[in-house]
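Asker: Pasting in a structure now, in structure tokens, and then I'll have a few things to ask.
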Amino acid sequence: MNRLQSLAKRQCATFDTSTEDRCLLDCQCVFFRQSGGRCRYFEEAVLPVDPKLERAYRIERGLADGKKDVCRKCSSPFERKSNRQTYCTACGVEASRKARNKRARKYRESNALNGGK
């Protein structure tokens, strides 16, 4: 918990640094409460800075188990089919489409510079 609090103080844009435990959303930061809670902004924008802490956090909160990995885009747990897989199936399809389009665009640009050869 101390690592989460430290990360929230250092990295979270909604943490009020003029206080010890307040959020700019006019409430106590969920990581400084006794009852805990979840902060979607922290989980999506701040926690990925520390992958080991993110994995431990997700396992502790039941958002992922030890056997599953977490999708890089939507943060949902999934089982890998290969060592290189970083996205769940749904996000992987979208990521593949974007990568394919980027390669095609680069290919077309290089052909246009070479005079269409």
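Asker: Which residue, of Leu25, Leu47, is within 19 Å of Ser75 (Cα to Cα) and either open to solvent by 100 Å² or more (accessible area, probe 1.4 Å) or at pLDDT 80 or above (or both)?
Answerer: Leu47
Asker: Which residue out of Arg80, Arg38 is modelled with pLDDT under 85, loosely packed, with under 15 Cβ neighbours inside 10 Å, in a loop (DSSP other than H, G, I, E, B) and touching a strand residue (DSSP E or B) at 6+ places or on another chain (Cβ under 7 Å)?
Answerer: Arg80
Asker: While we're here: Please give the number of the condition Lys117 fails out of (1) out of contact with any strand residue (DSSP E or B) (no Cβ under 6 Å at 6 or more places or on another chain); (2) under 30 Å from Tyr57 (Cα atoms); (3) modelled with pLDDT under 90.
Answerer: (2)
Asker: So, one more: From the list Ser75, Ser110, which one is hydroxyl-bearing (Ser, Thr, Tyr) and in contact (Cβ under 8 Å) with a residue 12 or more places away in the chain?
Answerer: Ser75
The values are calculated or read from the model by the stated rules, or taken from the named source; none is laboratory data. These figures come from a predicted structure and were not determined experimentally. So basically every Cβ, Gly included, is an ideal-geometry build from the backbone, and we count neighbours across all protein chains shown. Note: accessible area is taken over every heavy atom of the protein model, side chains too, but ligands, DNA and RNA are not part of it. Shrake-Rupley method; radii C 1.70, N 1.55, O 1.52, S 1.80 Å.
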